[in-house]
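Novice: Here it is, the structure, as structure tokens.
The values are calculated or read from the model by the stated rules, or taken from the named source; none is laboratory data. Computed from a predicted structure; not experimentally measured. Neighbour counts are summed over all protein chains in view; Cβ atoms, including those assigned to glycine, are modelled from backbone coordinates with ideal geometry. For the accessible areas, the whole protein counts, side chains as well, though only heavy atoms, and no ligand, DNA or RNA atoms are used. Shrake-Rupley method; radii C 1.70, N 1.55, O 1.52, S 1.80 Å.
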2 protein chains.
Amino acid sequence: MLLELPTVARVGDSIDRVNTPALLLDLDAFDTNIHQMAKLARHGGVALRPHVKAHKSVAIANAQLAAGAVGICCQKLSEAYPFAIAGIRNIHISNQFVGTRKIEMVTELARHVDLSVCVDHPAQVNALGEVARQHDVRISVLPEVDVGHGRCGVTDVDALLGLVDGIAQQDALRFAGLQAYHGGIQHIPDWQKRRKAALISADETAKYLQALEARGIHCGIVTGGGTGTAEFDIENGVLTEIQPGSYVFMDGHYASLGWEGEQQLQRSLLIASTIMSVGHPGKAICDAGLKSVAVDSGMPSVHHDTRGLRYVAANDEHGILEIAADDTSGMLGRTVLLVPGHCDPTVNLYRQIVGFRGTRVECLWDIDARGLSQ
Amino acid sequence: MLLELPTVARVGDSIDRVNTPALLLDLDAFDTNIHQMAKLARHGGVALRPHVKAHKSVAIANAQLAAGAVGICCQKLSEAYPFAIAGIRNIHISNQFVGTRKIEMVTELARHVDLSVCVDHPAQVNALGEVARQHDVRISVLPEVDVGHGRCGVTDVDALLGLVDGIAQQDALRFAGLQAYHGGIQHIPDWQKRRKAALISADETAKYLQALEARGIHCGIVTGGGTGTAEFDIENGVLTEIQPGSYVFMDGHYASLGWEGEQQLQRSLLIASTIMSVGHPGKAICDAGLKSVAVDSGMPSVHHDTRGLRYVAANDEHGILEIAADDTSGMLGRTVLLVPGHCDPTVNLYRQIVGFRGTRVECLWDIDARGLSQ
């Protein structure tokens, strides 16, 4: 009998049967999140273009599109391929890139999908325009403006006008609007402070728009925003399109922020782990370590715990749990559900996500773009 | 024309052409490391059983076996599958496990390979023995003893004897010796202090061995050790087998330790990234972030830098670099080589590793067990 890679779960199984560590998705909470964000955007009159970097899954992108999303955002070019292969036809790359291999990917993608990309330097515009012309493809380009993040994007109007002029000089490129994203403010814990920061960002964005309008340049699309600011981005009325990603999962970090508005997103992402060693008093060792949960936003927390369990350290393939009481009897073999601090790099560690409803496995969705960071 | 996932590199290409972020392996340094460790073990009269959790690659395991390794170690059962499928026939799982799905994997693997596993609780022995008997497979079992690590393993002789007795009562199980691994001391920076800690660990191991010998129980295998202590483990003469993994790569953390012995392992693992945005004075943004480099052991360092570049923060898909001078001219598009702090979780992020010699890509090796943590 030939040996095949072990499955994580089978549809119809009890979730107790999943092969831990496993990435679980509570489908009721997931559905709620998908529909809440779609409704928020629809009522606010903005387009919803979910960021797939959070989930990297074609199945989830299709659920978002079915709920009314206009297309998807990818952070990297290679990340877009599985979605393009699956037939998703409207893709925005919310990022810059440089170099021959990257431009080859842009022209290849542009032959298959309506592609838009960001730029923040004239060299990117020239390389893109030249190669797109040679390959006879059309690409929509959105200069990125820095509205406080301090990462990518131009920082003054002259630089922006230079990019817009450069795009106009390239037959194969089309100026489609602006990207204005402030990643830093997504994570401000206090809801009112986050709201104020989003307003400052929106004002920054508006200044760039006004400078362009004064020169008769209209921005069809103004795209940006994220899970942390989506409700404010809509209220501020500057963006025409929002790019939230994490809202489908509400990881430990996002769930820990203040949420005082109508939007009440629900935690849907969990990691199932098993306690596989209990040799030391007050300590239990589970099978989910650094390769099963990202720790850049802190250690995972223990979900629905009744024994005072705390996940205190991650080794490569072990999680170290402390228990309030010394007694570990009955702990061996117990399933521990973990809430990852940061969804994006956690999901990227898994081949599949196990969707469940109640106690039953309902679906297995591939993380199609896992590891595609080029 | 159908769209296919983009390649990372092609054999024969210049390494300047790799699709960044890419995981690079300097094959000259790699060869040196493979042969140094093989020689160390051979001269020391111990068996070398490299841990594949560091690289998860069949090609690298085969190179280790060709250099004289007796078999491989895996940390998880699912991790062993790609190696078993590729025909590697001697596999030790250096870890415990509990639960039906895990036992199913053990018996499945044991039908295809010479399998040994660890235990540290009677419940593990009983479950394993029962199911192995039902499936008519034979499994070698090595109780793990805690020699200071404080993670897995029994902590006293009585518990060890209980496990040995339990194994003896199961027809399908064979007592094969002990595992004694102290992960904590692998990372002691000072070479002499690390040596002393390894000696204390060896003494602890010896106590367990003596207690067994006094009862006429002989341990055929005493396995443990890692990259940080391999030379001392051999010198101490207690282990019959060493399990180093990271030695093939010598990541940023291991390379930062003191190495005063004959063994001088070389850094072989690098990440190629590209600077793709330079809009802010004194700052450059590269395309390798949290999904391309593990940061649990700190930020990556910049390899062979001449511009005072420092990698200061990792976003999901961006690395934030600071430059000593404000002037970023000429930086856009430049390749930056990064040294990851911790190899194991970094390698696990990639589909392939790009082997190069000089400036040419010589091979592309799959990370076959990527994401297999079950």
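Novice: Calculate, in whole percent, how much of the Cα-Cα pair population of the stretch B:6-153 lies beyond 24 Å. It would help to have the intermediate numbers written out before the result.
Specialist: On the way: 4863 of 10878 pairs.
Summing the P(r) tail past 24 Å for the stretch B:6-153 gives 45 percent.
Novice: Taking a label point 7 Å out from Cα toward Cβ, give me the nm distances from A:Ser256 to the same spot in the other copies, shortest first, one decimal.
Specialist: 2.3
Novice: Give the Kirkwood hydrodynamic radius (Å, one decimal) of the protein assembly as shown, defined as one over the mean of 1/r across all pairs of different Cα atoms. Please report the intermediate quantities before stating the final value.
Specialist: Numbers: mean 1/r = 0.0370 Å⁻¹.
About 27.1 Å for the protein assembly as shown.
Novice: What does the accessible area per residue of the stretch B:143-212 come to in Å², with a 1.4 Å probe and no ligands, DNA or RNA counted? Could you put the intermediate results ahead of the total?
Specialist: Details: 2920 Å² over 70 residues.
Per residue, the stretch B:143-212 has an accessible area of 42 Å².
Novice: Could you tell me the total accessible area buried at the A-B interface, probe 1.4 Å, in square angstrom to the nearest hundred?
Specialist: On the way: alone 16400 and 16400 Å², together 26510 Å².
That pair of chains buries around 6300 Å² in total.
Novice: Please give the Cα centre distance for the stretch A:245-296 versus the stretch B:122-145, rounded to the nearest Å.
Specialist: The distance from the Cα centre of the stretch A:245-296 to that of the stretch B:122-145 comes to 32 Å.
Novice: Using only the Cα atoms of the stretch B:89-145, build the gyration tensor, take square roots of its eigenvalues as a ≥ b ≥ c, and label the shape rounded, prolate or oblate: rounded if a/c is under 1.5, else prolate if a/b is larger than b/c, else oblate.
Specialist: On the way: a/c = 1.67, a/b = 1.12, b/c = 1.49.
Oblate shape, in that a/c is at least 1.5 and b/c is the bigger or equal ratio.
Novice: Then there is this: Of the candidates B:Ile85, B:Ile15, B:Ile185, which one comes out as most mobile in a Gaussian network treatment of chain B with C-alpha springs shorter than 10 Å?
Specialist: B:Ile85
Novice: Give me a single rounded figure for A:343-350: the average over its residues of other chain Cβ atoms within 10 Å of their Cβ. Don't skip to the end; give the middle numbers.
Specialist: Details: counts 1, 6, 10, 1, 1, 6, 7, 2.
Mean shielding by partner chains, rounded to a whole number: 4.
Novice: Please report the orientation-averaged projected area of the stretch B:144-276, defined via the convex hull of its C-alpha atoms, in nm². Can you show the working numbers first?
Specialist: Details: hull surface 42.7 nm².
Hull-based average projected area comes out at 10.7 nm².
Novice: Run the label-point distances for B:Arg42 please: 7 Å along Cα to Cβ, every other copy, nanometres, shortest first.
Specialist: Distances to the matching label points in the other copies: 7.1 nm.
Novice: If each label sits 7 angstrom from Cα along the C-beta direction, how far apart, in nm, is B:Asp165 from its counterparts in the other copies?
Specialist: Values, ascending and in nm: 8.9.
Novice: What net charge is computed for the residues neighbouring B:Ala29, neighbours being all others with C-beta under 11 Å from the C-beta of B:Ala29, Lys and Arg scored +1, Asp and Glu -1? Please list the in-between numbers first.
Specialist: Values: positive: B:Arg267, B:Arg357; negative: B:Asp26, B:Asp28, B:Asp31.
Every neighbour counted, the sum reads -1.
Novice: Output the antiparallel fraction of DSSP beta bridges having both residues in the protein assembly as shown, as a percent to the nearest 5.
Specialist: 50
Novice: May I pose another question? Take the alpha carbon atoms of the stretch A:318-374, find their center, do the same for the stretch B:316-374, and report the distance between the two centers in whole angstrom.
Specialist: Spelled out, the Cα-based centre of one part sits 26 Å from the other.
Novice: Another question about this same structure. With +1 on the Cβ of every Lys and Arg and -1 on the Cβ of every Asp and Glu, and nothing else charged, how large is the dipole of the protein assembly as shown about its Cα centre, in debye rounded to the nearest 20? If you can, show how the numbers build up before the last one.
Specialist: Working: 64 positive and 84 negative charges, 146 e Å.
Computed about the Cα centre, the dipole is about 700 debye.
Novice: Hey, another quick one. Of B:Met276, B:Val125, A:Gly216, whose Cα points farthest to the positive end of the dipole of the protein assembly as shown (charges on the beta-carbon: +1 Lys, Arg; -1 Asp, Glu; origin at the Cα centre)?
Specialist: The residue sitting farthest along the positive end of the dipole is B:Val125.
Novice: Using the Kirkwood radius over C-alpha pairs as Rh, can you work out the diffusion coefficient of the stretch B:232-368 via Stokes-Einstein at 10 °C, viscosity 1.306 mPa s, in µm² per second?
Specialist: Details: Rh = 16.5 Å.
Result for D is 96 µm²/s.
Novice: I'd like the Karplus ³J(HN,Hα) series for the stretch A:225-239: coefficients 6.51, -1.76, 1.60, θ = phi - 60°, whole numbers in Hz, and an x wherever there's a Gly or Pro.
Specialist: x, x, 4, x, 10, 3, 5, 6, 4, 6, 4, 6, x, 9, 6
Novice: Quickly estimate the mean residue ellipticity at 222 nm for chain A, helices only: each DSSP H run with n ≥ 4 gives -39500 (n - 2.57), and the total goes over all residues, rounded to 500.
Specialist: Values: 10 runs with 113 residues, N = 374.
Theoretical 222 nm ellipticity from helices: -9000 deg cm²/dmol.
Novice: Continuing with this model, one more query. Could you report the accessible area of A:Met276 in Å², rounded to 10, computed with a 1.4 Å probe on the protein chains as they sit in the structure?
Specialist: 10
Novice: Would you work out what percent of the accessible area of the protein assembly as shown, with all protein chains in place, is carbon or sulfur (probe 1.4 Å)? Please report the intermediate quantities before stating the final value.
Specialist: Numbers: 13020 of 26510 Å².
Within the protein assembly as shown, the accessible surface is 49 percent carbon and sulfur.
Novice: Starting from the Cα gyration tensor of the stretch B:122-166, take the square roots of the eigenvalues, sort them a ≥ b ≥ c, and report rounded, prolate or oblate (rounded when a/c is under 1.5, otherwise prolate if a/b is larger than b/c, else oblate). Mind dumping the intermediate values first?
Specialist: Details: a/c = 2.94, a/b = 2.24, b/c = 1.32.
Since a/c reaches 1.5 and a/b is larger than b/c, the shape of the stretch B:122-166 is classed as prolate.
Novice: Taking every residue in B:40-51, how many Cβ atoms of other protein chains lie within 10 Å of its Cβ, on average? Working shown, then result.
Specialist: Working: counts 0, 0, 0, 0, 0, 0, 0, 0, 0, 0, 0, 1.
Mean partner-chain Cβ count within 10 Å for B:40-51: 0.
Novice: Mind putting a number on the dipole of the stretch A:63-215 about its Cα centre? Charges go on the C-beta only, +1 for Lys and Arg and -1 for Asp and Glu, and I need it in Debye to the nearest 20. Don't skip to the answer; put the middle values down first.
Specialist: Numbers: 15 positive and 17 negative charges, 90 e Å.
Its charge dipole is roughly 440 debye.
Novice: Count, for each residue of B:284-292, the Cβ atoms from other chains sitting within 10 Å of its Cβ, then give me the mean as a whole number. Write out the running numbers ahead of the final one.
Specialist: Values: counts 0, 6, 0, 11, 1, 6, 9, 15, 6.
That average works out to 6.
Novice: Could you size up the charge dipole of chain B around its Cα centre, putting +1 on the beta carbon of Lys and Arg and -1 on that of Asp and Glu, and report it in debye to the nearest 20?
Specialist: Values: 32 positive and 42 negative charges, 82 e Å.
In debye, rounded to 20, chain B gives about 400.
Novice: Picking from B:Ala66, B:Ile139, B:Ile103, whose Cα lies most toward the positive end of the charge dipole for the stretch B:18-159 (charges on Cβ: Lys, Arg +1; Asp, Glu -1)?
Specialist: B:Ala66
Novice: What does the C-alpha gyration tensor say about the overall shape of the stretch A:74-220? Classify as rounded when a/c is under 1.5, otherwise prolate if a/b is larger than b/c, or oblate. Could the numbers behind the result be given before it?
Specialist: Details: a/c = 2.22, a/b = 1.39, b/c = 1.60.
In terms of gyration-tensor shape, oblate.
Novice: Can you list the trypsin sites (Lys or Arg not before Pro) in the stretch B:187-259 that are in a DSSP coil and have 16 or fewer other beta carbons within 10 angstrom? Intermediate results must be reported in sequence, preceding the final value.
Specialist: Values: sites: B:Lys193, B:Arg194, B:Arg195, B:Lys196, B:Lys207, B:Arg215; in loops: B:Arg215.
Passing sites in the stretch B:187-259 are B:Arg215.
Novice: How high is the FRET efficiency between B:Trp191 and A:Gln266 when r is their beta carbon distance and R₀ equals 45 Å, given to the nearest 0.05? Don't jump to the answer; show the numbers that get you there.
Specialist: On the way: r = 52 Å, r/R0 = 1.16.
Computed FRET efficiency for B:Trp191 and A:Gln266: 0.30.
Novice: Over its Cα atoms, what ratio of radius of gyration to 2.2 N^0.38 Å does chain A give? Please list the in-between numbers first.
Specialist: Details: Rg = 22.3 Å, N = 374, 2.2 N^0.38 = 20.9 Å.
Computed over Cα atoms of chain A, the ratio equals 1.07.
Novice: Find me the longest stretch of chain B that has none of the exposed GluC sites (Glu not before Pro), where exposed means in a DSSP loop (not H, G, I, E or B) with at most 14 other Cβ atoms within 10 Å.
Specialist: Working: sites that count: B:Glu4, B:Glu260, B:Glu262.
By the stated rule (loop sites, at most 14 other Cβ atoms within 10 Å), B:5-259.
Novice: What whole number of Å gives the distance from the Cα centroid of the stretch A:23-37 to the Cα centroid of the stretch B:172-188?
Specialist: 43
Novice: Report the residue, chosen from B:Pro50, B:Pro281, B:Pro82, that carries the largest GNM mean-square fluctuation when chain B is represented by alpha-carbon nodes joined by springs under 10 Å.
Specialist: Result for chain B, Cα springs under 10 Å: B:Pro281 fluctuates most.
Novice: So what J values fall out for the stretch B:292-308 if you push phi through Karplus, 6.51 cos²θ - 1.76 cosθ + 1.60 with θ = phi - 60°, rounded to Hz, Gly and Pro as x?
Specialist: Listing the rounded values in order: 10, 8, 6, 10, 5, 9, x, 5, x, 9, 8, 8, 6, 8, 10, 10, x Hz.
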